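Structure record follows, encoded as C-alpha cells.
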Amino acid sequence: GFVVCFGYKWQGDSAVRCLTILDHPGADIHDDTELLKAAVKVINEADIIVAHYGEEFDRKFLRARLLHCGLPPLPDTRLIDTCLLARAALKLSSNRLGNLAAFLNCRTGKMEKGQGWPDWWMNALRGDRGAIRQMAIYCKQDVQCLEEVYHALRPVIPHKYLLHAGIGKTDYVCAACGEAVQSRGFYFSAKKKYRRYCCTGCGKWGHEAKAVESAR
C-alpha cells in the first residue's frame with residue numbers, strides 16, 4: 001500500500017485540511033514520497049496528535065512508508081488514541097469511530113463508505129483522480145468526526161494522556177478543557193491525601209499533585 005491522502009485539523013482552527021497525492025505528485029501515481037514529506041512537515045509542528053487507532057495502524061504504517069522511501073523517521077510526538085482509550089475506559093459494543101460518534105451524539109457522524117469501498121481504493125490504484133478526491137472528502141469528514149469524539153471523551157481520559165490545557169495559564173484549570181474547577185472533597189492514595197476537584201465545564205474529576213497530608 002501507499003498513502004493517498006493525509007487529513008488533519010489544528011485544535012481551535014475551523015478548517016479541516018486534506019493533503020492528497022494529486023497535490024503532491026511523485027514519479028507516478030503510486031509514489032507517495034512528496035506527500036509523505038508534506039505530511040511529516042505537519043506532524044513535526046504538532047505538540048500532540050489525536051488519532052483513532054493511530055497507535056496500532058497509522059503511526060506504524062507511516063513509519064514503514066518513510067523507511068521505504070528513505071525519508072527521516074517520525075518525531076516522538078505524544079499520541080492520544082481514541083479507539084484504545086474508549087476500549088480501556090468504556091464498555092461498548094464497538095469502538096469504531098462511527099459507533100463512538102453515534103453513542104456520544106456527535107454532530108458530525110462518520111460518513112458511510114457505502115458503495116465507495118473498495119472501489120475508491122481500486123480506482124485510486126489505477127490513478128483515478130475522481131476516486132482520490134472522493135477519498136479526500138471522506139477523510140476530511142472523518143477528521144471532523146474524530147475531533148468531536150475526542151472532545152466528548154476528554155472527561156474520562158486519564159490525565160497522563162492529556163496535554164494539560166492549563167499550560168501557560170496562571171489560574172488552576174481543568175487539564176482536559178481549560179475551564180475553571182471547583183474543590184470537591186479529597187482523594188486518598190495509600191499514604192497521602194490530596195485536594196480533589198471537578199471541572200465546571202466538561203465535568204472531569206482530578207486532584208492536585210501536591211498532597212495536603214501524608215501518613216505518619
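The values are calculated or read from the model by the stated rules, or taken from the named source; none is laboratory data. Note that the structure is predicted; figures quoted are calculated from it, not measured. Cβ coordinates were reconstructed from backbone atoms using ideal geometry, including for glycine residues, and neighbour counts include every protein chain displayed. The accessibility values were calculated without ligands, DNA or RNA, using every heavy atom of the protein model including side chains. Shrake-Rupley method; radii C 1.70, N 1.55, O 1.52, S 1.80 Å.
Below are the figures for this structure:
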quantity	calculated
Environment charge of Ile157, counting only residues whose C-beta is closer than 12 Å and scoring Lys/Arg +1, Asp/Glu -1	+2
Candidate lysines - alpha carbon under 27 Å from Lys193, same-chain residues fewer than 8 apart omitted	Lys160, Lys169, Lys204, Lys210
Residue-span extension gain [Ser183 to His30] - 0.36 nm each, minus C-alpha spacing	49.5 nm
Accessible surface, the chain, averaged per residue in Å² (probe 1.4 Å)	60
Length-normalised contact order for the chain - Cα pairs under 8 Å, 6+ apart - percent	15
Rounded to 5, percent antiparallel among DSSP beta bridges of the chain	80
Net charge, Gly1 excluded, C-beta distance under 11 Å - Lys, Arg +1, Asp, Glu -1	0
Spatially close lysines, pair count over the range 13-112: Cα under 25 Å, gap of eight or more or interchain	4
